[in-house]
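Before any comments, here is the structure.
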Amino acid sequence: SATTPALPLPPAPTLQGTATSASQIHLSWTATATGIIRFRIERRATTGVYAEIAQPSATGTAFDDSGLNSSTPYLYRMRVETAAGLSPYSNEVTATTLQALPPAPTNLRATAISSSQVTLTWTNNAPDATAIRVESHTAASSAFSDIGAAVSLTSTGVTNNQPNTTYTFRVRAQNGAGYSAYSNEATVTTPPILKTLFLIHGLGQGSADMQG
């Protein structure tokens, strides 16, 4: 009797990975094995264990892993399957998804503090925001203009406004990926400048002249 030797296991593929968005990583590979039945791709988080996520066909050379969290590193490895069995694992690759655009601020409110100053407050919904940009327009114009970055991520004062003038404001968050959508709009009217009348008791005037 004689036993034929087992077929040698296929060689491991070579794997590459690149983040293409805030929720997707593109994987590509090369393989020298013959008689490939399928590929098997595994993924894990930095603190997790590997789990199989896909079985591309024998002719596959790439796979897009989607539905991922933004700004998050993921680790990948893969094997080739042939009639002889599974190859050793490929090299391990790490790719970090891109930063997502920030969510828009909400609950914007505008309060006139004086005839020239307005205070804006809002809820910042972007923990990774680097700035909040402020825009405004008057009732005479419907076109918003950027008036600068807020002094903090949740409030700012706007000075040099005109008295007795209606202003509309909106804000948006900024991070490394770009700008959020705009917040709600908030409208406020600055009060007029109060005028003080001084009556001077001059020569030739009596107390009756001072009566209103």
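Structure data summary
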| quantity | calculated |
| --- | --- |
| Square roots of 5 times each gyration tensor eigenvalue, C-alpha, the chain, largest first, Å | 73, 13, 10 |
| Listed residues Ala58, Ala19, Ala112, most fluctuating in the chain (Gaussian network, C-alpha, under 10 Å) | Ala58 |
| Alpha-carbon centroids, the range 24-89 and the range 122-165: separation in whole Å | 47 |
| Distant alpha-carbon pairs in the range 1-113 (separation over 17 angstrom), percent | 60 |
| Net charge, Ala104 excluded, C-beta distance under 10 Å - Lys, Arg +1, Asp, Glu -1 | +2 |
| Neighbour net charge for Arg79 - beta-carbon separation under 10 angstrom, K R +1, D E -1 | 0 |
| Most fluctuating residue given options Ala84, Ala12, Ala95, as computed from a GNM of the chain linking Cα atoms under 10 Å | Ala84 |
| Efficiency of FRET from Cβ geometry, Asn160 and Ala131, R₀ 25 Å, rounded to 0.05 | 0.75 |
| Residues whose placed amide H lies under 5 Å from that of Ile113, excluding near-sequence neighbours | Val118, Thr119 |
| Counted charge near Glu135, where neighbours are those whose Cβ lies closer than 14 Å (Asp, Glu -1; Lys, Arg +1) | +1 |
| Contact order relative to length of the chain, as percent, for alpha carbon pairs under 8 angstrom and 6 or more apart | 17 |
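We did not get these values from a lab; they are worked out from the coordinates using the rules stated. The structure presented is a predicted model; accordingly, all values stated were derived computationally and were not measured. Please note: Cβ atoms are built from the backbone with ideal geometry, for glycine as well, and neighbour counts cover all protein chains shown.
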